[in-house]
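Chemist: Got a structure for you, written out below as structure tokens; questions coming shortly.
The values are calculated or read from the model by the stated rules, or taken from the named source; none is laboratory data. It should be emphasised that the depicted structure is a prediction, and the values quoted were computed from it without experimental measurement. Note that each Cβ is placed from the backbone with ideal geometry, even for glycine, and that neighbours are counted across all protein chains shown.
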Amino acid sequence: MFRIISLMVGYIFGNFLTADVLTWRLFHMKADDIGSGNPGTANITSQLGLGYGLLVLAGDVTKTIAACLICRYLLYPDMGEAAALYGGFGVCLGHDFPVWNRFKGGKGVAVTCTFIVLVLPVWGLISDVAGLAAVFLTGSLAVGAVVIPCVFTLAAFIKLGVEAGLVMLAASIMMVSRHFEGLKEMRSGEGKRVHWSRKRPEEH
């Protein structure tokens, strides 16, 4: 039962898309209508600037921390890392597939980076650094995003057991699916390298 409840708690928190709140307050527009349409840090930063991107990042990190801590320390203190793992995975599901937006959400990179650190701090940080290194080496955010959960999946199997490893395997598959187009473009040599610009969308 703790698995279902933790997933549900995480899913509820994940449905809060910081980028949508920000763009609606600023421009009365949904994040879907800005840039790539992804309600994530990278898209908001490229379209609105670093300051707004950091606000989105802070919101996504905060909702993930809140869900994981509630599951681990308030609801299921005896379950330890497992409660945080299921709570974090639930946040990913809610962020990527929010029910209020017809299951059209983000890609869950910031959420994943956050919850794996809460589950296994050292290995979470190693995985995040590995993803960052992959971005620098390839110039592709998609490649870096996929590397993060894949590296952590191995750690989960070793440190936490088969069940945790399978949960992270599911998270990795979900990350690949959310970045599939970007990965295809990189493989064909058509992918765009990381580039930040500052633009403001036209107000409607």
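Chemist: Within the range 55-69, is there a residue that is within 17 Å of G108 (Cα to Cα), touching an Asp or Glu at 6+ places or on another chain (Cβ under 8 Å), surrounded by 24 or more Cβ atoms within 10 Å (Cβ to Cβ) and among the aliphatic types (A, V, I, L, M)? Full working, then the answer.
Modeler: The initial filter retains those residues of the range 55-69 that are within 17 Å of G108 (Cα to Cα), namely 55-68.
Next, only the ones that are touching an Asp or Glu at 6+ places or on another chain (Cβ under 8 Å) stay: none.
No, the range 55-69 has no match at all.
Chemist: Taking the range 144-180, which residues are over 17 Å from the mean Cα position of the chain (by Cα) and in a helix (DSSP H, G or I)?
Modeler: Residues of the range 144-180 over 17 Å from the mean Cα position of the chain (by Cα): 154-166.
Result: L154, A155, A156, F157, I158, K159, L160, V162, E163, A164, G165, L166.
Chemist: Would you point out the residue of the range 120-140, among those that are in contact with a Lys or Arg (Cβ under 9 Å, 6 or more places away or on another chain) and in a helix (DSSP H, G or I), that is modelled with the lowest pLDDT? Steps first, please.
Modeler: As a first pass, look at the range 120-140 and keep what is in contact with a Lys or Arg (Cβ under 9 Å, 6 or more places away or on another chain): 120, 123, 138-140.
If we keep only those that are in a helix (DSSP H, G or I) as well, we get 123, 138.
Numbers: W123: 97, T138: 87.
Only one residue fits best here, namely T138.
Chemist: What are the residues in the range 16-50 that are modelled with pLDDT of 85 or more, among the aromatic types (F, W, Y) and out of contact with any helix residue (DSSP H, G or I) (no Cβ under 8 Å at 6 or more places or on another chain), if any?
Modeler: Hit for the range 16-50 is W24, nothing else.
Chemist: Please indicate, with yes or no, whether at least one residue in the range 161-172 is modelled with pLDDT under 95 and surrounded by 19 or more Cβ atoms within 10 Å (Cβ to Cβ). Steps first, please.
Modeler: Residues of the range 161-172 that are modelled with pLDDT under 95, as a first pass: none.
No: zero hits.
Chemist: For the range 9-109, please list each of the helices (runs of 4 or more DSSP H) lying entirely inside it that holds at least 1 residues being touching a residue at least 60 places away in the same chain (Cβ under 8 Å) and within 27 Å of F157 (Cβ to Cβ).
Modeler: Working: elements: 18-27, 41-48, 50-69, 81-96.
Filter on the range 9-109 gives 81-96.
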